[in-house]
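Right, one structure below, let's go through it.
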Amino acid sequence: MIENIFYKRSFLSVDDFSRKEVELIYQIAKKMPGKDPMHPQTDFLKGKVVSLAFFEPSTRTRMSFEIAQKYLGGGVVNVGDLNSTSIKKGESLDDTLRIMGGYTNSIIIRTTDENLCYNARELLPDIPIINAGNGSDEHPTQALLDLWTIKNKVGSLDNLTVGIIGDLKYGRTTHSLAKMLNKFENNTIYLFSPKGLEMPEKYKSSNCIVKRLSDLSEVVSELDVLYATRIQKERISNGEDYSYRIDKEMMNLAKEDMILMHPLPRIDEIPISIDLDKRAAYFEQARGGLVIRQALLYSLLRKRIIL
Ligand code: NCD
């Protein structure tokens, strides 16, 4: 048992954890049960209940947080959509958050409102708040599991050449990923986006090189990781078609040991025929969300941890 440096902290942005802390989460993840049939449940989080406040659609993030909590012996309360709460009667969101904080040990929030999770941290300084996606800003727990996948599949988090492609303006996973890669040494990040969907400056660092979508075929052979994302149609109102595709010809130009990642859901940017390519890592990536979210919940909710 060791004293836990994460106890009762919130995780709203990848800025909240240092490189050392990210590495510590990965050490803790190795001790987590995942979905191991030999250890179907532990009591690591017995008596701890978290609120899942998901006000935007979600499959992987909500399910993996809920299942993570259950495999650790804890409980969850699904807040449901706002129309099924007293917000519908005119209650303020602040009051609703205070109630959630009074009943449960942590609040995991997904909203279109970029500020809500920051507001919740101010209101409830003793309750860990986890950002599960705040509009088109960040998705820090996704970046944690993305780097976990890279570490396991590529073997290092330093000296990487990574391509990030798709909607880099509204795609929050790409913002957290670019910032997270920047915590490590000597990573080069190529950013490929349609014109008009470039990554905002505040997420970029000096190791980011901006390219056009059509430049991918020239650069793909250099990449250790290609991270594709969908166009965030629900956040775009001009009706333009920004779609793109990673096809077999593109994969033929890539290294034998490159990995192709995607936070999912994919729409048509990666055809299903690519799923058979051994470099397609996106389903394994999504599975990694379970141990990473177990490690995170365990770290934020337990005063002492076993390493
Ligand atoms: C992402 C999200 O919600 O930002 N999904 C996820 O959590 N894996 C990606 C997306 O919606 O495009």
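For the reader, a short list of remarks on this structure follows.
- Spin-label model, Arg235 to Leu276: label points 7 Å out along the Cα-to-beta-carbon direction sit 3.5 nm apart.
- Loop-located GluC sites (Glu not before Pro) in the stretch 202-307 (DSSP state other than H, G, I, E, B) with a sparse environment of at most 16 neighbouring Cβ atoms within 10 Å: Glu240, Glu256.
- To put it simply, the accessible area of the stretch 42-117 at a 1.4 Å probe is 50 percent carbon and sulfur.
- Taking the longest Cα principal axis of the chain as reference, the axis of helix 60-71 is set at about 40 degrees.
- Unsatisfied cross-links (Cα-Cα over 28 Å) in the set Lys8/Lys35; Lys169/Lys248; Lys169/Lys303: Lys169/Lys303
- For the chain, fraction of C-alpha pairs farther apart than 32 Å, in %: 27
- For the stretch 12-58, the alpha carbon convex hull comes to 133 Å³ per residue, rounded to a whole number.
- Accessible area per residue, Å², the stretch 141-286 with all protein chains present, probe 1.4 Å: 44
- Rounded tilt (10° steps) of 172-181 against the dominant C-alpha axis of the chain: 80
- Eigenvalues of the alpha-carbon gyration tensor of the stretch 1-135, scaled by 5 and square-rooted, set the equivalent ellipsoid semi-axes at 26, 18, 14 angstrom, largest first.
- Accessible area per residue, Å², the stretch 19-107 with all protein chains present, probe 1.4 Å: 54
- Its residue count N fixes a reference of 2.2 N^0.38 Å for the stretch 155-258, and the Cα radius of gyration divided by that reference is 1.04.
- Ranking by accessible area, most exposed first, for Leu97, Leu276 with a 1.4 Å probe: Leu276, Leu97
- Expressed as a whole percent, the accessible area of the stretch 146-266 that falls on carbon and sulfur atoms is 42 (1.4 Å probe).
- Helix-only CD estimate at 222 nm, as mean residue ellipticity for the chain, using -39500 (n - 2.57) per DSSP H run (n ≥ 4): -9500 deg cm²/dmol
The values are calculated or read from the model by the stated rules, or taken from the named source; none is laboratory data. On a predicted model such as this, the values are computed, not experimentally measured, just so you know. Cβ: placed from backbone, ideal geometry, glycine included. Neighbour counts: every protein chain shown. Surface accessibility is based on the protein's heavy atoms, side chains included, excluding ligands, DNA and RNA. Shrake-Rupley method; radii C 1.70, N 1.55, O 1.52, S 1.80 Å.
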